[in-house]
Amino acid sequence: GALEGAHYLATGKLESLSEQQLVDCDHVCDPEEYNSCDSGCNGGLMNNAFEYILQSGGVVAEKDYPYTGRDGTCKFDKSKVVSSVSNFSVVSLDEEQIAANLVKNGPLAIGINAAWMQTYMSGVSCPYICAKGRLDHGVLLVGFGKAGYAPIRLKEKPYWIIKNSWGENWGEEGYYKICRGRNVCGVDSMVSTVAAAQINH
């Protein structure tokens, strides 16, 4: 998602990139965190995925390496690369910096504790208790708002807008709104930006 947004900003072309390539081929480990290797359907970290794409030379289109929803053998064909990473970085934990980065660079890759997402239907999610350190799901931060109704708080709250990967029938047509301002569910704890490289065939 973040690389698709960066690719669009760099080229003007919206390209659906292969998640399955990452599932099958990306086994990069974060050298600074013990036991944090990307492992297909068992999960991974956004920065590890960006590092894999940088090292491998790019990612192919979804149509050339379609999603199967299970681990498989790597079938990456470098001649079909449509996008790559020129660089990536971690964004500050400060919410004003995150918002400014989002406006300047487009969608951001984030990690979140998805416990409250399981039952989300609509509105702004503002759980009273949600562990900030148990990040277990990668999503795309795409926007923010000043005031949206938070049912559990019975009032308007500022919020982040997140694009999830569970399809359009989940949440608000595939999107999730979560309270902004308190690092709810760790939403500000793991934020990354990526820039797309030009591909010359």
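Condition first: modelled with pLDDT of 85 or more, closer than 28 Å to VAL90 by Cβ and assigned to a loop (DSSP other than H, G, I, E, B). Now tell me which residues in the stretch 36-80 satisfy that.
Initially, the stretch 36-80 is screened for residues modelled with pLDDT of 85 or more, giving 46-68, 70-80.
Still in the running and closer than 28 Å to VAL90 by Cβ: 46-62, 65, 67, 71, 74, 76, 78.
Hits for the stretch 36-80 are GLY57, GLY58, TYR65, TYR67, ASP71, CYS74, PHE76.
How many residues are in a loop (DSSP other than H, G, I, E, B), surrounded by fewer than 16 Cβ atoms within 10 Å (Cβ to Cβ) and touching a helix residue (DSSP H, G or I) at 6+ places or on another chain (Cβ under 9 Å) if we restrict to the stretch 1-32? Number of matching residues: 5. Exactly one residue among GLY145, GLY167, GLY181, GLY171 is among the small types (Gly, Ala, Ser) and surrounded by 17 or more Cβ atoms within 10 Å (Cβ to Cβ), and that residue is GLY171. Sub-7 Å Cβ pairs linking a first residue in the stretch 94-120 that is outside the structural domain of LEU14 (by TED's automatic domain parsing) to a second residue that is acidic (Asp, Glu), at least 6 apart or interchain, are GLU95/ASP188; ILE98/ASP188; ASN113/ASP136; ALA114/ASP136, ordered by first then second residue.
Counting only residues that are surrounded by fewer than 20 Cβ atoms within 10 Å (Cβ to Cβ) and either out of contact with any strand residue (DSSP E or B) (no Cβ under 9 Å at 6 or more places or on another chain) or more than 28 Å from ASN200 (Cα to Cα) (or both), the stretch 85-100 holds 8 of them.
If you go through the stretch 1-60 and keep only what is in contact (Cβ under 8 Å) with a residue 60 or more places away in the chain and of a type in the set (Val, Ile, Thr), you end up with just THR11.
At pLDDT 90 or above and within 26 Å of SER83 (Cβ to Cβ), is that true of TYR175? For TYR175, the condition - at pLDDT 90 or above and within 26 Å of SER83 (Cβ to Cβ) - is met. Taking into account only those residues within the stretch 113-142 that are more than 18 Å from the chain's Cα centre (by Cα), of a type in the set (S, T, N, Q) and surrounded by fewer than 18 Cβ atoms within 10 Å (Cβ to Cβ), which is farthest from CYS179 (Cα to Cα)? Restricting to residues being more than 18 Å from the chain's Cα centre (by Cα), of a type in the set (S, T, N, Q) and surrounded by fewer than 18 Cβ atoms within 10 Å (Cβ to Cβ), the top hit is THR119. Of all residues in the stretch 166-201, those satisfying the criterion of being in contact (Cβ under 8 Å) with a residue 40 or more places away in the chain and of a type in the set (Ser, Thr, Tyr) are TYR176, SER189, SER192, THR193.
The values are calculated or read from the model by the stated rules, or taken from the named source; none is laboratory data. Since the structure is predicted, the reported quantities are computational estimates derived from the model, not experimental observations. Note: ideal-geometry Cβ built from the backbone for every residue, glycine included; neighbour counts use all protein chains shown.
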